[in-house]
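The values are calculated or read from the model by the stated rules, or taken from the named source; none is laboratory data. Since we're looking at a predicted model, the values are computed, not measured. Cβ coordinates were reconstructed from backbone atoms using ideal geometry, including for glycine residues, and neighbour counts include every protein chain displayed. In case anyone asks, the SASA skips ligands and DNA or RNA and just uses the protein heavy atoms, side chains included. Shrake-Rupley method; radii C 1.70, N 1.55, O 1.52, S 1.80 Å.
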Amino acid sequence: MMPSATTILPSAADEIGPRHPGAIYQNVDGRFEVLARVTDPREAAKLLHRKGARWALIVRDTLRPDGQPFAIGSAWTTSDYLLREGTSGPAYAPAA
């Protein structure tokens, strides 16, 4: 059985890690607030311009006063650390 567009596969959940909407995490690239979690592979592929994308996050760098939201598809690693937990509410779903 194929997962639905809003079902997160266990491996994708591991890649996303604790980055739920509202979370703030930091790594060598900056400090990021997670604005949305996109779990529809078609939407993620469009956002990341990659055919094989399964998910994407919309984040904003909080260290930049002019930080604009952008999409990322990088997996959670040991160099990332959580500063504030987010909510585990629903992921972004495109309008019908």
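The C-beta contact set for segment 42-57 (first residue within 14 Å of residue 19 (Cβ to Cβ) and in contact (Cβ under 8 Å) with a residue 24 or more places away in the chain, second residue assigned to a loop (DSSP other than H, G, I, E, B) and of a type in the set (S, T, N, Q), distance under 9 angstrom, 6+ apart or interchain) comprises 55/39; 57/74.
Counting only residues that are charged (D, E, K, R) and within 13 Å of residue 19 (Cα to Cα), segment 58-76 holds 1 of them. Selection of segment 66-96 for residues being open to solvent by 70 Å² or more (accessible area, probe 1.4 Å), at pLDDT below 90 and not aromatic (Phe, Trp, Tyr) yields 87, 88, 90, 95, 96.
Just one residue in the set 63, 47, 35 is within 14 Å of residue 83 (Cβ to Cβ) and open to solvent by 50 Å² or more (accessible area, probe 1.4 Å); that residue is 63. Could you list, in sequence order, the residues of segment 24-39 that are in a loop (DSSP other than H, G, I, E, B) and farther than 11 Å from residue 57 by Cα? Of everything in segment 24-39, those that are in a loop (DSSP other than H, G, I, E, B) and farther than 11 Å from residue 57 by Cα turn out to be 28, 29.
Only one of the numbered conditions (1) within 18 Å of residue 15 (Cβ to Cβ); (2) part of a loop (DSSP other than H, G, I, E, B); (3) open to solvent by 90 Å² or more (accessible area, probe 1.4 Å) is violated by residue 42, and that is (2).
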